[in-house]
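Worksheet: one structure, shown below.
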């Protein structure tokens, strides 16, 4: 039986816990792990040489450049988890809402704002959800996400986003739901781990083990996960949900999910990811 070779994409100045656990698990399972660090010099010939050895490649980076790197690997005929086309649907927050709406997946009320500020004002008035959450259609770890209590604050945030960014990327407005964020880690449509993110403040981001607790997913969540997998075809992903009037609402899908919500489970989760990749490589 040939030894499996798995590529691993990350973006760190030094090896962190995920990388160390992946390397340890690979050694225990007699898997060769080939590392692709996005912070290294982009050398096409070297990448081609390393990629040629891989049976499958796993992207564990949420950096925007990672998607271009995945496209590069795909152009070389390599299978990557997740493929670049999945990020098109998953990471574009407006397109994700449209897909959910189209397929009757319960999501937050959302509108796409005009880049004409006067029209955006009218759209926000008609939307009439206060407070309102404003987001760029792309972004990770809560970047370019803010809450406005009124129209004046909303316009200030929009201008701030445009000034901070290098271009006027589209902005969406979403209803604000005062809820914990419920994270579900999923392989295909199988739930692997749950966590309630209870960070202080309205923005529930980051992985804080002391504040997170587990929760038992109900039948409604299981049905939502099945629908999401059927529509988006993502393999390893995190789903964030909020609760509104005792009903679940999907906030977003993360195609490069954090694996460190509970330090005591981190190694076990990474072992499961590696087992999953070995099966996908066959």
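The values are calculated or read from the model by the stated rules, or taken from the named source; none is laboratory data. Because the structure is predicted, anything quoted here is derived from the model rather than measured. Virtual Cβ from ideal backbone geometry, glycine too; neighbours counted across all protein chains shown.
Being more than 22 Å from residue 72 (Cα to Cα), within 21 Å of the chain's Cα centre (by Cα) and outside any helix (DSSP H, G or I) is the filter here, so list the residues in region 16-57 that pass it.
Correct list: 16 only.
Sort through 138, 123, 143 and tell me the only one that's assigned to a loop (DSSP other than H, G, I, E, B) and in contact with a strand residue (DSSP E or B) (Cβ under 9 Å, 6 or more places away or on another chain). Lay out the reasoning, then the answer.
Details: 138 fails: in contact with a strand residue (DSSP E or B) (Cβ under 9 Å, 6 or more places away or on another chain); 123 fails: assigned to a loop (DSSP other than H, G, I, E, B).
The unique qualifying residue is 143.
Being in contact (Cβ under 8 Å) with a residue 60 or more places away in the chain, assigned to a helix (DSSP H, G or I) and touching a helix residue (DSSP H, G or I) at 6+ places or on another chain (Cβ under 9 Å): is that true of residue 104 here? Explain how you work it out, then say what you get.
Details: in contact (Cβ under 8 Å) with a residue 60 or more places away in the chain: yes; assigned to a helix (DSSP H, G or I): no; touching a helix residue (DSSP H, G or I) at 6+ places or on another chain (Cβ under 9 Å): yes.
Criteria not met by residue 104.
Considering each residue of region 157-198, count those that are out of contact with any strand residue (DSSP E or B) (no Cβ under 8 Å at 6 or more places or on another chain) and either under 18 Å from residue 111 (Cα atoms) or not in a strand (DSSP E or B) (or both), and give that number.
We begin by selecting, within region 157-198, every residue out of contact with any strand residue (DSSP E or B) (no Cβ under 8 Å at 6 or more places or on another chain); these are 159, 162-164, 166-168, 178, 188-190.
Then drop every residue that is not either under 18 Å from residue 111 (Cα atoms) or not in a strand (DSSP E or B) (or both), which leaves 159, 162-164, 166-168, 178, 188-189.
Of the residues in that region, 10 qualify.
Cβ-Cβ under 6 Å, sequence separation 6+ or interchain: first residue in region 266-280 and more than 15 Å from residue 185 (Cα to Cα), partner at pLDDT 95 or above. Which pairs?
What qualifies is 277/6; 277/56; 277/58; 278/4; 280/56.
Yes/no per residue for (1) under 30 Å from residue 268 (Cβ atoms); (2) surrounded by fewer than 13 Cβ atoms within 10 Å (Cβ to Cβ); (3) at pLDDT below 95:
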| site | (1), (2), (3) |
| --- | --- |
| 111 | no, no, no |
| 126 | no, yes, no |
| 130 | no, no, no |
| 137 | no, no, yes |
| 151 | no, no, no |
| 179 | yes, no, yes |
| 188 | yes, no, no |
| 207 | yes, no, yes |
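Between 5, 70, 31, which is more than 23 Å from residue 237 (Cβ to Cβ) and crowded, with 16+ Cβ neighbours inside 10 Å?
Details: 70 fails: more than 23 Å from residue 237 (Cβ to Cβ); 31 fails: more than 23 Å from residue 237 (Cβ to Cβ).
Within the list 5, 70, 31, the selection yields 5.
Here is a check on your reading of the model: is residue 251 crowded, with 19+ Cβ neighbours inside 10 Å and assigned by TED's automatic domain parsing to the domain that holds residue 218?
Working: crowded, with 19+ Cβ neighbours inside 10 Å: yes; assigned by TED's automatic domain parsing to the domain that holds residue 218: yes.
So residue 251 fits the description; yes.
Which condition from (1) touching a strand residue (DSSP E or B) at 6+ places or on another chain (Cβ under 7 Å); (2) at pLDDT below 95 is the one that residue 33 breaks?
(2)
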